[in-house]
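Worksheet: one structure, shown below.
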Amino acid sequence: MGHPRRARKKYDTPPHPWNADRIKEENKLTQKYGLKNKKEIWKAETMVKRYRRDARHLLGMLTEQTIKERQDLINHLVRSGILAENANLEDVLDLTVEDILRRRLQTMVHKKGLATTAKGARQFVIHGHIALDGKKVDSPSYMIKRGEEDLIGFYPASPVEKQYKARTEKTGTDES
């Protein structure tokens, strides 16, 4: 059961720590998404593995309960924004780590143009300059759900918001 004050790991480490191809791929993802360390990639990989494992398990059986569980899994992934709304269970098997990393708050802030780089987006989130529907969120790994993309913005009291507004007014365009 475990100790109540010590949470379990949310990731599986790679089976072989010194695989050059895996390390190169992880370095590319770390650079592209501005991640702090490889542990964040491993968390995303573990999420993908679990979703795919559940999908394979559900594809193998056909009972009333598994039909309900299939729909629950698909609905969860659609609400999370990981899958398209018209997806089926076979689409779960095609999930990649990048599908998960694209839904992180840090990535969304960079995509919206609130930060110029992925690392800068991470810093804005950690320092409390980013809000979700007016509420400060300081976790770059926060998973953005499907309806929350438009609610991302600067925290109202943030000095960065004033700089951003001044910059967009000066250029005459909105970067988001």
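The values are calculated or read from the model by the stated rules, or taken from the named source; none is laboratory data. A quick note: this is a predicted structure, and the numbers were derived from the prediction, not measured. Cβ sites come from the backbone with ideal geometry, for glycine too, and all protein chains shown count toward neighbours. Protein only, heavy atoms only, side chains kept; ligands, DNA and RNA dropped before computing areas. Shrake-Rupley method; radii C 1.70, N 1.55, O 1.52, S 1.80 Å.
Quick rundown of the values:
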quantity: Matching residues in segment 60-88 - criterion: being open to solvent by 60 Å² or more (accessible area, probe 1.4 Å) and hydrophobic (A, V, I, L, M, F, W, C); calculated: Met61, Leu62, Ile67
quantity: Failed criterion for Thr116 (all others in (1) at pLDDT below 95; (2) polar (S, T, N, Q); (3) closer than 30 Å to Leu62 by Cβ hold); calculated: (3)
quantity: When residues of segment 123-170 are limited to those that are of a type in the set (Gly, Ala, Ser) and over 24 Å from Val97 (Cα atoms), the one most open to solvent (accessible area, probe 1.4 Å); calculated: Ala157
quantity: Matching entry among Lys36, Lys32, Lys49 (being open to solvent by 100 Å² or more (accessible area, probe 1.4 Å), in contact (Cβ under 8 Å) with a residue 40 or more places away in the chain, not in a loop (DSSP other than H, G, I, E, B) and not acidic (Asp, Glu)); calculated: Lys32
quantity: Trp18 vs. criteria buried (at least 17 other Cβ atoms within 10 Å of the Cβ), out of contact with any Lys or Arg (no Cβ under 7 Å at 6 or more places or on another chain) and either assigned to a helix (DSSP H, G or I) or not basic (Lys, Arg) (or both); calculated: no
